[in-house]
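Single-structure report; data block below.
Any read-out appearing in this document is the output of simple, stated calculations on the displayed coordinates, not a laboratory observation. These figures come from a predicted structure and were not determined experimentally. Cβ: placed from backbone, ideal geometry, glycine included. Neighbour counts: every protein chain shown.
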Amino acid sequence: MSIEDAHNAKFYARKPITLLRGSGTLVYDADGKEYVDCTGGYGTCIVGHAHPKVVEAITTQAHKLISCHSSTYNDARADFLSKLLEITPPELSRFFLSNSGAEAVECAIKLARKAIGKRKIVAIKGGYHGKTHGALSATWDSKYRRSFEPLVSDFVHIPFGNIEAAKQTITTDTAAVLFEPIQGEGGIRVSPVEWLRLMRDLATDVGASLIADEIQSGSGRTGKMFACEHYDVTPDILCIGKGIASGLPIGITAASDQLMGTLTVGEHTGTFGGNPVVCAAGAATIDVLLEEHLVENAIEVGNYLREQLSGLQGEFSIIREIRGLGLMLAAEMRFDVHQVILDALEGGVLMIDAGRNVLRFLPPICIRKIEVDKVIRTLQSIIGKEQLARLPS
C-alpha cells in the first residue's frame, strides 16, 4: 500500500485492502481474509478468478510466444477469431482487436464516420463509453468531461428512453447512434424495448450505423451472450471488452465485412492488439462460457440474487429500486452508499457503486447461490443499521 500510495498515479478511489489471489467468485487479501467478489474486477472476471482452463491457456501460450504484431499471422489469434464467430451475430464477421473498451469505441466512431461520410454521433444521456478523447465525447457525465473540453465535435446526447427525442435527433446528417443496451456506470438502467428497436429502425432509415457498446453487458452477463439479443436487435457495430479475455486487457470492434472494409490498411492499428497471450485467454474464456453453461447460470443465479435483493427492499424502505438483467444488477438506495461498500468489506463482501446512491452487482457469472446468500446476509445487517440510524429520535 505504501509503495502504491507513494508512486502510483492518484486517479483511483482506493479501498483499504490488498488482494493477492482469487478463485472463482472468491478473492483473498494479504491477511488471508476471504471476500465474495461482487465486482468481478469491474466486470472483467466473467468466468471467475484464475479459472484453470484460462490459466492453462495463458501459461501454454506464454511458453510459446508472448508477442506477435498483427502484421504477421498467428495461430492463437486465428483460434480466438474463430471462437468469436461462434458467439457474435453472423452479420458481424470482421473484428478489430485492441486493448480496452475505450479503444473498441474509438474504432467504432472512426468506422461509422468514414463509412457514411458524415460526422454527427448521437449518444445517450447517462451513457459511459470510456475516457479517451473520442469515447469521452460520447460519455455523458460532466465530471469526466469538463476539464478536457473542447472535446471531439459533433456529438449530441438524447435522453435515455425518450422516443420523441430519438425521432427528432436521428436524421439524415447522423453518422451513428451509440448506446449501451444496459447503462452500466449510469446506474444499471435497462433500455426500454420499443425505444431501442426504434433507434434500430431510425438508424437504418437514415443510413447511419447503430453502435452497441456491450463492453460491460456482453460475454453472457445478462443471461444472453449479448444484451441486444434480449431485444432481437442486431447492431451494425458491436463493441466488446472487459470479461471476454477473463481480465486481460482487450477491446473488440465487430462489424460486417463491408463496413469494416471502409477503413484501409494503416488507418487504424495498434502495437498490442491481437496479442497471442490475450487471444489464448479469450479463446479459453469462450470455451468455458459455453462448456460450463455460465450464460444459463447468469439467468438462474441472477434471478435468485434479484429475488433476494427485492426481499431486502420489502424489508427496508431506504432501498428505492432493484433493477437490471441476469448478473448485471443494481440496488438504488435513498442515501450515499460509500459507507455501505466499506462496511461490506468488514463482512467479507467486495462491492462497487454506479453513482452515489447505487450499489452495482457484477460478480463472475459462475457465482453460486450459497455465495449470494452471504452477500444478502451482509447487506441485511448493514442496511438494517443504516435504516435504524435514520429513524426519527
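Computed quantities for the displayed model
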| quantity | calculated |
| --- | --- |
| Vicinal HN-Hα couplings computed from phi for the stretch 201-208 (Karplus, 6.51 cos²θ - 1.76 cosθ + 1.60; Hz; Gly/Pro x) | 5, 5, 4, 4, 4, 9, x, 8 |
| Residues of type aspartates and glutamates that residue 369 reaches as a straight line, Cα spacing below 14 Å, ignoring anything fewer than 8 places off in the same chain | 37, 296, 300, 307 |
| Residue pairs, from the table 143/385; 110/143; 83/374; 10/242; 131/224, whose Cα atoms sit over 29 Å apart | 143/385; 83/374 |
| Computed magnitude of the charge dipole of the stretch 125-268 (debye, nearest 20; Cβ of K, R +1, Cβ of D, E -1) | 560 debye |
| Residue-wise HN-Hα coupling along the stretch 46-62, computed from phi with Karplus coefficients 6.51, -1.76, 1.60 (Hz; x: Gly, Pro) | 5, 9, x, 6, 6, 4, x, 5, 6, 4, 4, 5, 5, 5, 4, 5, 4 |
| Note, ³J(HN,Hα) from phi for the stretch 166-183, Karplus 6.51, -1.76, 1.60, rounded to Hz, x at Gly and Pro | 4, 4, 7, 9, 7, 10, 5, 9, 8, 8, 7, 10, 10, 8, 9, x, 10, 5 |
| Amide hydrogen neighbours beyond the local backbone of residue 158, cut-off 5 Å, H modeled | 123, 124, 125 |
| Percent of beta bridges antiparallel (DSSP, the stretch 65-291, rounded to nearest 5) | 45 percent |
| Beta bridge orientation in the chain: antiparallel %, DSSP, nearest 5 | 65 percent |
| Calculated [θ] (222 nm, deg cm²/dmol) that DSSP helices of n ≥ 4 give over the chain, each run adding -39,500 (n - 2.57) | -12000 deg cm²/dmol |
| Alpha carbon convex hull of the stretch 65-291, projected area averaged over orientations, nm² | 11.8 nm² |
| Amide H contacts under 5 Å for residue 328, placed H, 5+ residues apart | none |
| Viscosity 1.306 mPa s, temperature 10 °C, Stokes-Einstein D of the chain from Kirkwood C-alpha radius, µm²/s | 73 µm²/s |
| Within the stretch 269-341: Cβ-based charge dipole about Cα centre, in debye rounded to nearest 20 (Lys, Arg +1; Asp, Glu -1) | 320 debye |
| Dipole magnitude of the chain about its Cα centre (Cβ charges: Lys, Arg +1; Asp, Glu -1), debye to nearest 20 | 800 debye |
| Selection from 67, 122, 156 lying farthest towards where the dipole of the stretch 65-291 points positive, charges on Cβ | 156 |
| Selection from 317, 289, 301, by position along the positive dipole direction of the stretch 272-339 (Cβ) | 317 |
| Formal net charge of residues neighbouring residue 29 (Cβ-Cβ distance under 14 Å; K, R +1; D, E -1) | 0 |
| 352, 322 arranged by Cβ crowding within 10 Å, fewest neighbours leading | 352, 322 |
| Paired Rg and Dmax values of the stretch 47-158, which use every Cα atom, in angstrom | 18.0, 49 |
